[in-house]
Every structure is written in C-alpha cells, then in structure tokens.
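Engineer: Have a look at this one before I ask anything.
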Amino acid sequence: MREINVKWITQKVRELCMEANTDLGEDVLQAFDRAIEKEESPLGVEILKELKENARIAKGENVPICQDTGFAIVFVELGQEVHLVGGNVNEAIHEGVRQGYRDGYLRKSICHPFTRANTGDNTPAIIHIEVVPGDKVKIVVAPKGGGSENMSRVTMLTPSDGVEGIKRYVVQRVKESGSNPCPPTIVGVGIGGTFEQAALLAKKSLLRPLGSKNSDPELDQLELGILTEINKLGIGPQGLGGRTTSLAVHILMMPCHIASFPLAVNIQCHAQRHKEVVI
Ligand code: SF4
C-alpha cells in the first residue's frame with residue numbers, strides 16, 4: 001500500500017487550476033489551425049486567428065484565456081493500492097481550488113442559487129472520484145464556463161428513437177444554442193446509463209484530445225456524421241456565420257435499461273481547458 005499525503009493533492013489541484021486557465025492545450029490550437037484552413041467565411045477565419053492570438057497572449061502573460069474562469073470540475077482516478085493520509089481528500093481538493101483561484105487571480109464565479117451571494121473562493125469544486133487499479137492518483141482539473149454549460153441538456157429518448165433520434169437531438173441542441181456557448185464548440189455526448197450517468201459521460205467525453213478518433217468505429221462514424229450536420233448550420237465562429245460551428249463531437253456510451261434511452265449533450269466552448277497530473 002502506497003501512502004500519499006493529501007497535501008500533495010491540494011498542491012497539485014492549486015497548480016492545475018492556474019495552468020488550465022492560462023494555457024490552452026496544443027490539441028485545441030491545432031484544431032483552430034485545421035479550421036482556419038477549411039473555413040469559408042473571411043470573418044470566421046479572422047475570429048479563429050483571434051482565438052489563437054488570445055491563447056498566445058494568455059500563455060505568454062500568464063493571464064486567463066477567458067474572463068469566465070469557470071466552475072472547477074475535478075476528476076480523480078484513485079488507485080486502490082493508495083492509502084490517502086493527512087486529511088479528507090474532498091477537503092484537500094476544495095483547498096487546492098481555493099488556493100489556485102486566489103493565487104492565480106482567477107475570477108470567482110460560484111454563488112448561492114437563490115441569493116446569488118458569491119462563495120468568495122470558487123468552491124465548492126465538483127469532484128468525481130473513481131477507484132481504479134494501481135498505486136497512483138491521476139487528477140484532472142477542467143474549468144467549465146457558465147455560457148456553454150447553460151446550453152447543455154439531458155433528455156430521455158425512447159428506445160425507438162434510435163441513432164437517428166440522437167443525431168436529431170444533438171444537432172437541434174447546437175442549433176438552438178446559437179452563439180451562446182461561444183463557438184466553435186466541442187460537443188460532448190453521453191449515451192446510455194441512467195439520467196445522471198449520461199451527463200457524466202458527456203462531460204468526460206470532453207477530456208479526449210481534439211483530433212483523436214473514437215476507439216469504437218461505430219461511434220467514430222456517428223461523431224463525424226453529427227459534426228458534418230452541425231457545421232452545415234452556418235452559426236460559425238462566435239455565431240457570426242461560417243462553417244466552423246463545432247470543432248468536434250465526442251461520444252461516450254454505455255449500456256442502458258431496456259426501457260430507457262438516456263442522452264446528454266454537454267457543450268464546451270472554444271476555451272477547452274483541462275490539465276492533468278499523475279502522482
Ligand atoms: S462560454 Fe467559454 S469562452 Fe464563453 S465566456 Fe464562458 S468560458 Fe468564456
């Protein structure tokens with residue numbers, strides 16, 4: 001059994017919050033480049049170039065990619081051979097978020113739902129802990145902006161809706177979202193499981209690197225088919241017209257109940273931020 005003190009988790013979460021908010025992944029920058037090559041709208045091309053420049057400045061000057069530095073979503077893969085010592089792991093993560101948002105001068109965006117009083121330190125984090133084989137701890141911090149999260153939905157299709165029902169719903173969701181989620185977006189889709197599991201699948205699908213293929217050939221084709229339909233909508237970068245409404249569709253799927261067909265769409269804006277570390 002390997003012992004890990006939770007103070008390391010606090011320290012890593014602190015660093016990841018700051019890194020994720022200022023350093024856009026290379027995969028996203030490459031997706032911008034591919035979109036610039038294909039985009040037909042001159043204004044769309046200009047916006048995509050601005051997004052690249054924005055990311056360059058953010059990294060160079062260590063400032064946030066976007067003013068909305070998001071809800072801190074934290075995924076933890078906890079090896080079952082690890083014994084965490086030194087305190088409560090959830091508290092350690094919240095403390096890491098508290099320190100990261102304070103020390104990185106990141107906007108605190110979390111509030112009481114009724115009074116709208118700000119919690120003041122961007123906590124609580126949203127924490128998903130999964131126990132896995134091994135003696136390591138993997139931590140992913142994925143700040144999620146409000147604009148794109150608001151456009152996300154969970155629905156319960158009927159089994160007879162089939163694959164066509166999925167396509168229709170996802171494309172319609174992106175169409176109705178228009179410019180609200182700051183396109184070009186990445187569309188996370190969760191299929192199957194239960195009501196809450198579908199939403200988690202959709203969110204987790206966004207962690208896959210942009211430009212990578214789905215390991216399931218059937219889902220890979222479905223992703224490409226939906227993306228093609230989305231990019232015919234003409235919403236374009238920042239909603240000002242063009243072919244690049246979405247950079248990618250990512251799908252995760254699992255079995256569901258014989259009476260159910262859960263579907264979740266988690267829309268991610270162009271500020272596709274997530275950083276990870278393995279302890
Ligand atoms: S949706 Fe994304 S890009 Fe738009 S304001 Fe929110 S975090 Fe920023």
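The values are calculated or read from the model by the stated rules, or taken from the named source; none is laboratory data. Not measured: the values here are computed from a predicted model. Virtual Cβ from ideal backbone geometry, glycine too; neighbours counted across all protein chains shown.
Engineer: Which condition does I235 not pass, out of (1) closer than 21 Å to E40 by Cα; (2) surrounded by fewer than 16 Cβ atoms within 10 Å (Cβ to Cβ), if it passes all the others?
Structural biologist: (2)
Engineer: Would you please name the residue that is surrounded by the fewest Cβ atoms within 10 Å (Cβ to Cβ), looking only at residues in the range 1-21 that are assigned to a helix (DSSP H, G or I) and among the basic types (K, R)?
Structural biologist: Result: K7.
Engineer: Tell me, which residue of the range 127-154 that is part of a loop (DSSP other than H, G, I, E, B) and within 30 Å of E81 (Cβ to Cβ) is nearest to the ligand (Cβ to nearest atom)?
Structural biologist: Going residue by residue through the range 127-154, those that are part of a loop (DSSP other than H, G, I, E, B) are 133-136, 145, 151-152.
Of the ones still in play, those that are also within 30 Å of E81 (Cβ to Cβ) are 133-136.
Values: P133: 35, G134: 33, D135: 36, K136: 30 Å.
My answer is K136.
Engineer: Now, a different point. Select from the range 263-279 the residues that are more than 19 Å from K167 (Cβ to Cβ) and away from the ligand (no atom under 16 Å from the Cβ) and write down the one among them that is farthest from the chain's Cα centre (by Cα).
Structural biologist: I279
Engineer: OK, next. So which of V28, V6, V63 ends up being within 16 Å of the ligand (Cβ to nearest atom), modelled with pLDDT of 95 or more, closer than 28 Å to I279 by Cβ and in contact with a Leu (Cβ under 8 Å, 6 or more places away or on another chain)? Before the answer, list the steps.
Structural biologist: Numbers: V6 fails: within 16 Å of the ligand (Cβ to nearest atom); V63 fails: in contact with a Leu (Cβ under 8 Å, 6 or more places away or on another chain).
Unique residue meeting the criteria: V28.
Engineer: Since F114 meets every condition but one in (1) surrounded by fewer than 15 Cβ atoms within 10 Å (Cβ to Cβ); (2) within 16 Å of the ligand (Cβ to nearest atom); (3) of a type in the set (F, W, Y), which condition does it not meet?
Structural biologist: Among (1) surrounded by fewer than 15 Cβ atoms within 10 Å (Cβ to Cβ); (2) within 16 Å of the ligand (Cβ to nearest atom); (3) of a type in the set (F, W, Y), the lone unmet condition for F114 is (2).
Engineer: Moving on. Restricting to the range 22-56, name every residue that is over 22 Å from D68 (Cβ atoms), of a type in the set (S, T, N, Q) and assigned to a helix (DSSP H, G or I).
Structural biologist: Scanning the range 22-56 gives a single hit, Q30.
Engineer: Now for a separate question. Counting only residues that are acidic (D, E) and in a helix (DSSP H, G or I), which one in the range 205-262 is nearest to the chain's Cα centre (by Cα)?
Structural biologist: Quick first cut of the range 205-262, residues acidic (D, E) only: 216, 218, 220, 223, 229.
If we keep only those that are in a helix (DSSP H, G or I) as well, we get 218, 220, 223, 229.
Numbers: E218: 23, D220: 19, E223: 16, E229: 21 Å.
Checking each candidate, the answer is E223.
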